[in-house]
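Chemist: Please see the structure below; I have some questions.
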Amino acid sequence: MRVMIIIKATKLSESGAMPSEEMFAAMGKFNEALIAAGVMQAGDGLKPSKHGKRVLFVGDKQEVVDGPFPVAEKLVAGFWIWKVGSMDEALEWMKRCPHPMPGEDAEVELRPFYEMEDFGEELTPELREQEIRLQSELARQQAV
């Protein structure tokens, strides 16, 4: 199963403050363990929301809103995508993670991705074939 690990933003991360050398080293060591175990598929930090935009869909119209966005809305500061055998395995890995926001309380959310078998009959054989084709093309492009 694939799981997205969502690191929630804090006032400090939204300020644009860079992690310390110690934090980079600790996360680097953790990421090395994830990669060595074949768990980590992707991961990155996100710039503060002042660099972002939101697109609101209201009826048939779209509205663009420039950042920054209030921290109270539980913004995302970074993420990982892990491939694990179960949610329990993901939690075991998360327990090994260094504190993602030293000096502040932090929240990390673990959310499983939908897999094709989750969609049932709505994912017709034609749509399933399209999805497999698109995933293969994406993997090919990323390999270049």
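FYI, it's all coordinate maths here, none of it is from the lab. Since we're looking at a predicted model, the values are computed, not measured. Glycine gets a Cβ as well: all are built from the backbone with ideal geometry, and neighbour counts include every protein chain shown.
Chemist: Calculate the spin-label point distance for Leu12 paired with Asn31, positioning each point 7 Å from the Cα along the beta-carbon direction, and give it in nanometres.
Modeler: 1.9 nm
Chemist: When the Debye formula is applied to the Cα atoms of the range 50-119, each taken as the same point scatterer, what base-10 log of I(q)/I(0) results at q = 0.12, 0.13, 0.17, 0.24 Å⁻¹?
Modeler: Log10 of I(q)/I(0), two decimals: -0.56, -0.64, -0.92, -1.12.
Chemist: Let me ask another. Tell me, what are the semi-axes, in whole angstrom and largest first, of the equivalent ellipsoid of the chain as set by the roots of 5 times the Cα gyration tensor eigenvalues?
Modeler: Semi-axes from the Cα gyration tensor: 29, 24, 14 Å.
Chemist: Quick one: if you stick a label point 7 Å off each Cα along the C-beta vector at Met1 and Asp105, how many nm between them?
Modeler: Going from the Met1 label point to the Asp105 one covers 2.8 nm.
Chemist: Sticking with this one: Would you work out which of Gln141, Gln130, Leu91 lies farthest towards the positive end of the dipole of the chain? Charges go on Cβ: Lys and Arg +1, Asp and Glu -1.
Modeler: Checking the options against the dipole of the chain, the answer is Gln141.
Chemist: Based solely on its DSSP helices, what 222 nm [θ] is calculated for the chain when runs of n ≥ 4 H residues each add -39,500 (n - 2.57) and the sum is averaged over all residues, nearest 500 deg cm²/dmol?
Modeler: The helix contribution divided over the chain gives -10500 deg cm²/dmol.
Chemist: Suppose every Lys and Arg Cβ carries +1 and every Asp and Glu Cβ carries -1, with no other charges. What dipole size does the range 1-94 come out with about its Cα centre, to the nearest 20 debye?
Modeler: In debye, rounded to 20, the range 1-94 gives about 280.
Chemist: Over all directions, average the projected area of the Cα convex hull of the range 1-67 and note it in nm².
Modeler: With every direction weighted equally, the projected area is 6.8 nm².
Chemist: Calculate the radius of gyration of the Cα atoms of the range 1-40 to one decimal place, then report Dmax, the largest Cα-Cα distance, as a whole number, both in Å.
Modeler: Spelled out, the Cα radius of gyration and Dmax of the range 1-40 are 12.7, 34 Å.
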